[in-house]
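Readers should treat all values here as calculations from the given coordinates under stated rules, not as data from a laboratory. Computed from a predicted structure; not experimentally measured. Reconstructed Cβ throughout: ideal geometry from the backbone, glycine too, with neighbour counts over all protein chains shown.
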Amino acid sequence: MARKRFVSSDMGKDEDIVDIAEKNVISALMWPWFITGFDDWGRIEITSPKQVKLDVFKNIPITLQQVIDAIEEFVRSELVFKYVIDKRMYLAIEPCKFYKYQTYIRDKKRVVDSSNCPAPDNAPWKDCVHCSASARICIPSPSPSPSPSPSPSPSPSPSKDREILAREECKKSIQEINNKAFEFGMNGITPEFMDDAEMRLNNGAEKELIIKALSIGASKVVGSDVKKCRYAITILQGWAAEGIKTTEQWGKRYVKADKPPPKSKGEEKREAILKAREEAHKRLDGQEAKVNDTS
């Protein structure tokens, strides 16, 4: 089983899951657990339904027949693609759908196909430009053309220099994010959050957006730094699913243009006192009116 998988509330809105739930609600509820059996390339070998039950649903009261029904529902709804290679059966999730939620998996890993499960040759998404461009299916590399022997003192490659600069910039940004964590009352970011932040920075996410998510996690979650960081990762995952990579995009999506600036605690306190005074005056005026009516 995979070490971790992201489960988003958006999965419940997926049309495939909704269709499955209408036919078999148990199968729909099994899906978040089922994806933990897939590797980082969205594939799993199905030696037998019984083995799936033991590996994926070991401590969950799911029957063998429910596992069989769920797999059939997933295949029938095209949520997964079933294929056979060398008499072995595999299931694969369309890469575009798989990486939509598993955003923490780095592009470098996606490009280098090291899956123990072979890629399907006849997958429905084989012509998908997005899937093939990110090597979500295995693409053979062209044979290298002959090149002359390198000179004794080759000059540095410009692309290599850019790569080094990008790594240094990413390292610097991670350090700044970690420093912000201390400002938020934390003891720094966790290794899990550090890996996630590095992946997002390499994918074009803005450093300030990651800090924004961290500040939300630090303020809303009561508990350990691990819980706060995981909450922040969940927030970033949701933003990534919406295509949000900058604070400007976040502001347009979540902040209304006509929304007034937040009031300070002092202003809120003063308003509460004034409101209480007004209520007291109204009550006194009412009591005085009753006394005058009876006299």
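By counting other Cβ atoms within 10 Å of each Cβ, how are THR190, THR234 ranked from fewest to most?
Working: THR190 20, THR234 16.
Least to most surrounded, the residues fall as THR234, THR190.
Expressed as a rounded percentage, what relative contact order does region 160-254 have, with Cα pairs under 8 Å and six or more residues apart?
Working: 80 pairs, mean separation 24.7, N = 95.
For region 160-254, the relative contact order is 26 percent.
Tell me, how many Å apart are the Cα centres for region 20-95 and for region 97-114?
About 20 Å separates the Cα centre of region 20-95 from the one of region 97-114.
Which of the trypsin sites (Lys or Arg not before Pro) found in region 74-115 are loop residues per DSSP with 14 or fewer other Cβ atoms within 10 Å of their Cβ?
LYS87
Order by neighbour count: LEU209, LEU54, fewest other Cβ atoms within 10 Å first, most last. Can you show the working numbers first?
Numbers: LEU209 22, LEU54 12.
Ascending Cβ contact count within 10 Å gives the list LEU54, LEU209.
Looking at this model, which pairs from LYS227/LYS275; LYS109/LYS207; LYS220/LYS275 are more than 31 angstrom apart at the alpha-carbon? Write out the running numbers ahead of the final one.
Values: LYS227/LYS275 39 Å; LYS109/LYS207 22 Å; LYS220/LYS275 29 Å.
Distance filter (> 31 Å) returns LYS227/LYS275.
With an 8 Å cut-off on Cα pairs and a minimum separation of 6 or more residues, tell me the relative contact order of region 9-133 in percent. Don't skip to the end; give the middle numbers.
Working: 111 pairs, mean separation 32.0, N = 125.
With pairs under 8 Å counted, the relative contact order is 26 percent.
In which sequence would LEU201, LEU274 go, from the one with the fewest C-beta neighbours within 10 Å to the one with the most?
Fewest to most other Cβ atoms nearby, the residues stand as LEU274, LEU201.
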